[in-house]
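Encoded as structure tokens, the structure appears first; notes follow it.
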Amino acid sequence: MPKDNQIFTVQEVLADPLHPAHDEVANTILDLQEGKISMCACMGPMYGEPYCPCEMKRKNIPFSKAREEDEKRAKKEWAELIASGIFRNTSQ
């Protein structure tokens, strides 16, 4: 049985069926393997899409037209900002 504040690797937790976190870790890994969850850090679905951008890409689901248009606009605006010289290297 683990002691308080002791650090374990995932492999150690899975190897010890009596470890208090064993079932939760095993179920999380199973959910990952089955595609029920992903390890992204997205904010969730956007533009009325059914999944976050990471899951949309992973599941090969096309993005909404609204998202594609916003992404295109944002890339254009970003390129214009860079070209304007507003961003410069101040570490030199």
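Just so it is clear, none of the values below were taken in a lab; they were calculated from the coordinates. Values in this document were obtained by computation on a predicted structure and should not be read as measured data. We place every Cβ from the backbone using ideal geometry, glycine too, and count neighbours over all the protein chains shown.
Return MET39, MET46 ranked ascending by Cβ neighbour count within 10 Å, so the fewest neighbours appear first.
MET39, MET46
Which order results if MET43, MET56 are arranged by neighbouring Cβ count within 10 Å, fewest first?
MET43, MET56
Would you mind working out the magnitude of the charge dipole of segment 1-56 relative to its Cα centre, with +1 at each Lys and Arg C-beta and -1 at each Asp and Glu C-beta, to the nearest 20 Debye?
Result for segment 1-56 is approximately 80 debye, rounded to the nearest 20.
Sum -39500 (n - 2.57) across every DSSP H segment of at least 4 residues in the chain, then divide by the residue count to get the 222 nm mean residue ellipticity, nearest 500.
Using -39500 (n - 2.57) per qualifying helix, the result is -14500 deg cm²/dmol.
Could you state the angle between the C-alpha long axis of helix 65-84 and the longest principal axis of the C-alpha atoms of the chain, as a value from 0 to 90 degrees rounded to the nearest 10?
60
At 25 °C and a viscosity of 0.890 mPa s, what translational diffusion coefficient does Stokes-Einstein give for segment 10-84, taking Rh as the Kirkwood radius over Cα pairs? Give it in µm²/s as a whole number.
Taking Rh from Cα pairs, D becomes 159 µm²/s.
Loop only per DSSP, at most 10 neighbouring Cβ atoms within 10 Å: give me the trypsin sites (Lys or Arg not before Pro) in segment 33-86, ordered by residue number.
Answer by residue number: LYS36.
Pairing the Cα long axis of helix 22-33 with the longest principal axis of the chain, what angle in degrees results, from 0 to 90 and rounded to the nearest 10?
Around 40 degrees separate the two axes.
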